[in-house]
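What follows is a short report on a single structure.
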Amino acid sequence: MKKIEIKVKKLNPDAKLPTQAHDTDVGWDLYAMDCGDMYCNDTGEVMYIQYDTGIAIEPPDGYHIEIYPRSSVTNKCLMLKNSVGIIDPSYRNSIKVRFHSTNGASERNHYKTDDKIAQMIVRLTIPASLLVVDELSNTERGLGGFGSSDKTKQILDTSVANFKNGKVSPPITFKF
């Protein structure tokens, strides 16, 4: 498979370029340029810790970059603040990664300068447009969400059992 080229610019001469441990790795490791800046709210509660990578990137036309946590983040008391970061192809500033600290202001499990902090994955962007309609097609799932596939079966099984025992009168409407 032919590899595409991603342009990378060091915004700081001390920045480490993204690396892959193996040619078959999907993600590129991103490195911290600093020990992170803590951002707090008015009461002093840590809202997030932001790490600068010191690099900017330019994916080719038709691609974008997604930022994911590394599996080793489980060794830290950190969670990627926005779950998955999206780097739009037109963004040219420094890639920064924000984490939520799960242990408050304690710094003992935070990243240090030159630590691998996240990974970037190159993704194909599929152009799309929205079509506003009055109705959507019906599906078996319908309006169920947030674990509804488990809830629906449990509620239906309970309702059928109750109906057979005379505890519930049809019709029954379920709303989630």
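Laid out as a table, the results:
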| item | result |
| --- | --- |
| Cβ-based exposure ranking for V26, V46, in which fewest neighbours within 10 Å come first | V26, V46 |
| Full-extension gain in nm, K10 to R123, via 0.36 nm per residue minus C-alpha separation | 38.5 nm |
| Stretch gain in nm, segment H100-V26, where the contour uses 0.36 nm per residue and the Cα spacing is subtracted | 24.2 nm |
| Net length gained if the chain between T139 and Y63 were fully extended (0.36 nm per residue, minus Cα distance) | 24.2 nm |
| 20 °C / 1.002 mPa s Stokes-Einstein diffusion coefficient of region 23-82, Kirkwood radius on C-alpha pairs, µm²/s | 152 |
| Along each principal axis, Cα extent of region 1-142, largest first, Å | 52, 42, 27 |
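Readers should treat all values here as calculations from the given coordinates under stated rules, not as data from a laboratory. Being a predicted model, the structure only gives us computed values, none of them experimental. Ideal geometry is used to build each Cβ from the backbone, glycine not excepted, and the neighbour counts take in all protein chains shown.
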